[in-house]
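Asker: Before anything else, here's the structure in question.
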Amino acid sequence: MKFRKSLLAAAALVFGLATVSAQAADNIRVGLVVKSLGNGFFEAARDGAMEAAKEVGNAEVIYTGPTSTTAEGQIESINALMAQHVDAIAVSANDPNALAPILKRAMQRGIKVISWDSGVAQDARIVHLNPSNNELIGKTCVKLAADVVGDGGGDIAILSATPTSTNQNIWIGEMKKALPDYSGLKLVDTVYGDDLADKSYRETVALLKKYPDLKAIVAPTSVGIVAAAQAVEDQNMVGKVFVTGLGLPSELAGHVEKGSVKSFAIWNPIDLGYSAMMISYKLATGAQGGPNSKIEAGRMGTISFDENGDGAMSEPFVYDASNVEKFAKIF
Amino acid sequence: MNRQTLQQTAPHTTQHQTGNQRFLPDNLNGAWRNRLLRWETLLLVFVALAFFANTQLSPYFLDPWSLSDATFNFTEKAIIALPMALLIIARDIDLSVASTIALSSVAMGAANSAGIDPAGMVAIGAGVGLLAGLFNGYIITRFDIPAIVVTIGTMSLYRGIAYIVLGDGVYRDYPQGFAFFGQGYVYGVISFEFTLFLLLAVIFAVILHKTIFGRRVFAIGNNPTAALFSGINVKRHRMVLFTLVGLLSGIAAILLTSRIGSTRPSIAMGWELEVITMVVLGGVSIMGGAGSIAGVFIAVFLMGLVTFGMGLLNVPGIVMSIFTGILLIAVIGTPIIWRRVVQAQKMRSKMRGG
């Protein structure tokens, strides 16, 4: 009996879904393909995409993706979207190369394809939307440090991952470029925690001992920032030294509460999903995309794409005591 | 002593037999065949239901290109399911097939980087698969270790080698000539992959059901000891089966690598269970000794239709795997429950009659 009931329930569910998709057949339908389902980051992106769909009116988001982060699973999702003749596909790829053949095929059938968050090979999409870019990340990190140090200025230090980490080195380079804009800030040292919690912790303790006048530690790594905050708390330096940089709200909410972190930055998944949806919608309704193009993305403003078709959404979103709790539940 | 007891009990047994006429089948295969026939009919009914439901639920379903695209989702797994059915019928199992794909794909990527032409890459891909299967078979039969233990080991071993060779890197830029295997079409919307699968299905159906080798596979699965005593070289047959599974995994690796045009060590992650699900859904007894290629063939389409149909309705993947699980239990459970209901009714009517 129970078995029969659950079968009926499943059938009802399938029928229910069918009627929903049949109702909205005239809309511009955009398949939002994510790395895996059940991930708070991507569910927040879906909410943003739905906000964009509501804003433009005649659009529909089809949120889909595999249960585990595999390229093969994403190919199946894309196959299903192609079969439904969607107007556009916006994908955060598990593999830039493995998805290329199927996305090229989708484009051949007239579907507008973009990648966002995690890109695909250049010839397999029209444009790629990065959450931010190196320059904006560097600038944001320095600005965050300047905010906590205050008008008086003071010493700051950088806690990075490994000395060979490409991303980190580019961001540190951009931070050094932005430093002259804040005359009070003095970068005294750059140390490396290798993205290991214990080494990052020890390096932070050493920094605190070595530079008694230190006002802020900037850690553009999600492992480093947590370890540094913990070290500052354990050394009873809360209020004297502030930790900032790039990190995840779920990992930092506790440290914001304790005061070792005042504010930090990372991309906002809601804005990212919103922008990806807006760009897909614009492309599906006739906007021209590709290298050296500009697309207007609603409340996120106009996004420019460079000669490779890569675009940056905005500077990283700043989190502090006012919003960290809300986002900690997301990612 | 023994003889005495025998003599004592013997008359008793004869009495029992004369009193209760025992059923003697004239053909040992008959009962099995009937049962399998029922199984395949049931599967066909499910396929028809799934097909009908899909046509009703989605306006996009009956599109030749959509259906053709959908076949890509399961063809490679289905190709491995064919030899896997033989292996499971022979009471063995191979959990390393997905890792064999990874190893074989990495070998082809390396060959491509070394400038070997597509024909050579195909030979290497199939060859590495064959060797991986042969290695499984050798270890299992030579040292008499259970297949599940050895293939869990080689599952990590083969993928581990792929990770060591490739790390977080990727092989791509496969030549245009290589793309045909996974992306090419033989005629209209009929893909090369799918044609190859149909051809292999026929070949495996013949091997299992029309050859002495196939009959021996059933014999080994029903009772390995009896098979051995009746003169079958059980070890060699098992080794051939493992090698076949490896070879077909290698062929699947060629198709998959060609289809996605790149190789990462994580390729085909988790496929072993999907392959085994297809085989079990096809009515192959996981205890060995029973099953048919026709059943597996239909099961492949059933799974393909159901997952593609749900994909068209944008059912989330998590719900999809729940549904596949329910389907598996439903298809396998229905005949068992049915038989029990029939037996209970017989009992009841007997009791009423007596």
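Asker: Please give the charge dipole size of region A:134-266, origin at the Cα centre, charges +1 on K and R Cβ atoms and -1 on D and E Cβ atoms. Round to the nearest 20 debye.
Answerer: Dipole size: approximately 220 debye.
Asker: Sorting check: for B:43-50, B:147-154, B:298-305, which peptide has the highest mean count of neighbouring beta carbons within 10 Å, and how do the rest follow?
Answerer: In decreasing order of mean packing, B:43-50, B:147-154, B:298-305 become B:298-305, B:147-154, B:43-50.
Asker: Same structure, new question: If I fit a long axis through the Cα atoms of helix B:28-57 and take the longest principal axis of the Cα atoms of chain B, what angle between them do I get, 0 to 90°, rounded to 10?
Answerer: For helix B:28-57, the angle is close to 50 degrees.
Asker: Same structure again: Can you show me the helix-derived [θ] at 222 nm for chain B, built from DSSP H runs with n ≥ 4 at -39,500 (n - 2.57) apiece and divided by the number of residues, rounded to the nearest 500.
Answerer: -26500 deg cm²/dmol
Asker: At a Förster radius of 30 Å, what calculated FRET efficiency corresponds to the Cβ-Cβ distance of A:Lys210 and A:Glu135, to the nearest 0.05?
Answerer: That pair, A:Lys210 with A:Glu135, gives E of 0.50.
Asker: Oh, and also: When you count, for each residue, the other Cβ atoms within 10 Å and take the mean per peptide, how do A:108-121, A:264-277, A:189-202, B:161-174 rank with the highest first?
Answerer: A:264-277, A:108-121, A:189-202, B:161-174
Asker: Right, here's the next one. Checking the a/c ratio against 1.5 first, then a/b against b/c, what shape does the Cα gyration tensor give for region B:233-354?
Answerer: Since a/c reaches 1.5 but b/c is at least a/b, the shape of region B:233-354 is classed as oblate.
Asker: Right, next: Assign unit charges at the C-beta atoms only (+1 for Lys and Arg, -1 for Asp and Glu), then state the dipole size of region B:30-338 relative to its Cα centre in Debye, rounded to the nearest 20.
Answerer: Roughly 960 debye for region B:30-338.
Asker: Of the peptides B:97-108, B:66-77, how do they stack up when ordered by the mean number of other Cβ atoms within 10 Å, highest first?
Answerer: B:97-108, B:66-77
Asker: Farthest toward the dipole's positive end in the protein assembly as shown, which of B:Gly221, A:Leu214, A:Pro101, given Cβ charges of +1 (Lys, Arg) and -1 (Asp, Glu) about the Cα centre?
Answerer: Of B:Gly221, A:Leu214, A:Pro101, it is B:Gly221.
Asker: So, one more: How big is the charge dipole of the protein assembly as shown about its Cα centre, in debye rounded to the nearest 20, if each Lys and Arg gets +1 on its Cβ and each Asp and Glu gets -1 on its Cβ?
Answerer: So the dipole magnitude of the protein assembly as shown works out to roughly 3800 debye.
Asker: Label points 7 Å out from Cα along the Cβ direction at A:Lys329 and B:Ala123: separation in nm?
Answerer: Calculated label separation equals 6.3 nm.
Asker: Then there's this: Which of the listed residues, A:Asn130, B:Ile329, A:Gln230, is farthest toward the dipole's positive end in the protein assembly as shown, when Lys, Arg count +1 and Asp, Glu count -1 at the beta-carbon?
Answerer: B:Ile329
Asker: Next question, about the same structure. How far apart, in nanometres, would the label points at B:Ile212 and B:Met347 be if each is projected 7 angstrom from Cα along the Cα-to-Cβ direction?
Answerer: Each label point lies 7 Å from its Cα, and together they span 4.5 nm.
Asker: Classify region A:134-266: rounded, prolate or oblate, from the alpha-carbon gyration tensor (a ≥ b ≥ c, eigenvalue square roots; a/c under 1.5 rounded; otherwise prolate if a/b is larger than b/c)?
Answerer: rounded
Asker: Give me a single rounded figure for B:267-277: the average over its residues of other chain Cβ atoms within 10 Å of their Cβ.
Answerer: The per-residue average across the peptide is 2.
Asker: Rolling a 1.4 angstrom probe over the protein heavy atoms, how many square angstrom per residue are accessible across the protein assembly as shown?
Answerer: Computed with neighbouring chains in place, this is 46 Å² per residue.
Asker: What nm value, rounded to one decimal, do you get for the distance between A:Glu251 and B:Leu44 when each label is placed 7 Å out toward the C-beta?
Answerer: A separation of 5.8 nm, rounded to one decimal place.
Asker: Compute the acute angle (0 to 90°) between the alpha-carbon long axis of helix B:192-210 and the principal axis of greatest extent of the alpha-carbon atoms of chain B; round to the nearest 10°.
Answerer: 20
Asker: Let me ask something else about it. What FRET efficiency comes out for A:Asp198 versus B:Ser113 if R0 is 30 angstrom and r is the Cβ-Cβ distance? Round to the nearest 0.05.
Answerer: The calculated FRET efficiency here is 0.20.
Asker: While we're here: Counting only other chains, what is the mean number of Cβ atoms within 10 angstrom of the Cβ of each residue in peptide A:101-110?
Answerer: That average works out to 2.
Asker: Ignore the peptide's own chain and count Cβ atoms of other chains within 10 Å of each Cβ in B:301-314; give me the average, rounded.
Answerer: Rounded to a whole number, the mean comes out at 4.
Asker: I've got another one for you. Could you tell me which of B:Gln183, B:Ile276, B:Gly231 has its Cα farthest along the dipole of chain B towards the positive end, charges placed at Cβ (Lys, Arg +1; Asp, Glu -1), taken about the Cα centre?
Answerer: B:Gly231
Asker: Next up: What residue among A:Glu307, A:Glu296, A:Glu72 shows peak mean-square fluctuation when chain A is described by a Gaussian network model with Cα springs under 10 Å?
Answerer: A:Glu307
Asker: Pulled fully out, how much extra length does the chain show between B:Asp63 and B:Ile164, if you take 0.36 nm times their separation in residues and subtract their Cα-Cα distance?
Answerer: Between B:Asp63 and B:Ile164, full extension yields 32.0 nm more.
Asker: Divide by every residue of chain A the summed helix terms, -39500 (n - 2.57) for each DSSP H run of at least 4, and state the resulting mean residue ellipticity at 222 nm, rounded to the nearest 500 deg cm²/dmol.
Answerer: -14500 deg cm²/dmol
Asker: How high is the FRET efficiency from A:Asp320 to B:Val149, r the C-beta distance, R0 60 Å, rounded to 0.05?
Answerer: About 0.65, to the nearest 0.05.
Asker: How far is helix B:234-260 tilted off the main Cα axis of chain B, in degrees rounded to 10, range 0 to 90?
Answerer: Its long axis makes an angle of about 30 degrees.
Asker: Ok, one more. Among residues other than B:Val149 whose Cβ falls under 13 Å from its Cβ, what is the net charge (Lys/Arg +1, Asp/Glu -1)?
Answerer: Local charge sum for B:Val149: -3.
The values are calculated or read from the model by the stated rules, or taken from the named source; none is laboratory data. On a predicted model such as this, the values are computed, not experimentally measured, just so you know. Don't worry about glycine lacking a Cβ; one is built from the backbone with ideal geometry, like all the others, and counts go over all protein chains shown. These area figures cover heavy atoms from the full protein model, side chains too; ligands, DNA and RNA do not enter into them. Shrake-Rupley method; radii C 1.70, N 1.55, O 1.52, S 1.80 Å.
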